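Input: a single structure, listed below in structure tokens.
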Amino acid sequence: MSSNLSFVKFIEIRNIQSSSGHLAFLEQGTDLDFEIKRIYYIFGVNTASARGGHAHKALAQVFIPISGSFRINLFDGVESKSFVLDCPTKALYVPPKLWRTLDTFEAGSVCLVIASECYSEEDYIRELDQFVLWQAGEPK
Ligand code: TYD
């Protein structure tokens, strides 16, 4: 069975390095294959905390570990995969229809998220059993 788990991918972010530091950038079309509708960031996470714990019906996202590191765990209703994000020039593209949790945050981590949709609670599935049922009924 193919699922959106197979479309998850790391994106190497272009990086201009000089003696005064790094400048990394992404552009719509070249690095991102969706139109950017929203940017948000997560910071000040307690190292014992997990975030996420939901799926999105239509929202695609790119996660960038601007600082520190954390892990993203993805589940398609059958199979799971985990990805460690620990380099600010290595982003993770996460398509919709995947249950996700974020954990193992290093102290001081900052996670920037580029999103394909504006915020809408309608796009969330916040119960795991509801997600598994919804996913089983979705056309593949
Ligand atoms: P949520 O997506 O559940 O955060 P996380 O997955 O990091 O745990 O969002 C947490 C709260 O913030 C929830 O009440 C919805 C709200 N929120 C917004 O108002 N706008 C946004 O762009 C996002 C991402 C969340």
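Some observations on this one:
- Residue match in segment 83-100 (condition: of a type in the set (A, V, I, L, M), in a loop (DSSP other than H, G, I, E, B) and more than 17 Å from Ile11 (Cα to Cα)): yes
- Just one of (1) part of a strand (DSSP E or B); (2) out of contact with any Asp or Glu (no Cβ under 6 Å at 6 or more places or on another chain); (3) more than 13 Å from the ligand (Cβ to nearest atom) fails for Gly77. It is (1).
- Whichever residue in segment 28-69 is more than 11 Å from the ligand (Cβ to nearest atom), outside any loop (DSSP other than H, G, I, E, B) and open to solvent by less than 30 Å² (accessible area, probe 1.4 Å) and, among such residues, is modelled with the lowest pLDDT: Leu32
- When Glu117 is tested against (1) touching a Leu at 6+ places or on another chain (Cβ under 6 Å); (2) of a type in the set (Asp, Glu); (3) more than 12 Å from the ligand (Cβ to nearest atom), only condition (3) is not met.
- Count - residues of segment 101-119 that are touching a residue at least 60 places away in the same chain (Cβ under 8 Å) and in a strand (DSSP E or B): 7
- Of the residues making up segment 74-129, just one is closer than 20 Å to Ser3 by Cα and touching a Ser or Thr at 6+ places or on another chain (Cβ under 6 Å), namely Asp76.
- Every residue from segment 1-27 that is within 22 Å of His56 (Cα to Cα), more than 16 Å from the chain's Cα centre (by Cα) and open to solvent by 100 Å² or more (accessible area, probe 1.4 Å): Met1
- Odd one out for Glu122 among (1) part of a helix (DSSP H, G or I); (2) within 15 Å of the ligand (Cβ to nearest atom); (3) crowded, with 17+ Cβ neighbours inside 10 Å: (3)
The values are calculated or read from the model by the stated rules, or taken from the named source; none is laboratory data. It should be emphasised that the depicted structure is a prediction, and the values quoted were computed from it without experimental measurement. Reconstructed Cβ throughout: ideal geometry from the backbone, glycine too, with neighbour counts over all protein chains shown. Protein only, heavy atoms only, side chains kept; ligands, DNA and RNA dropped before computing areas. Shrake-Rupley method; radii C 1.70, N 1.55, O 1.52, S 1.80 Å.
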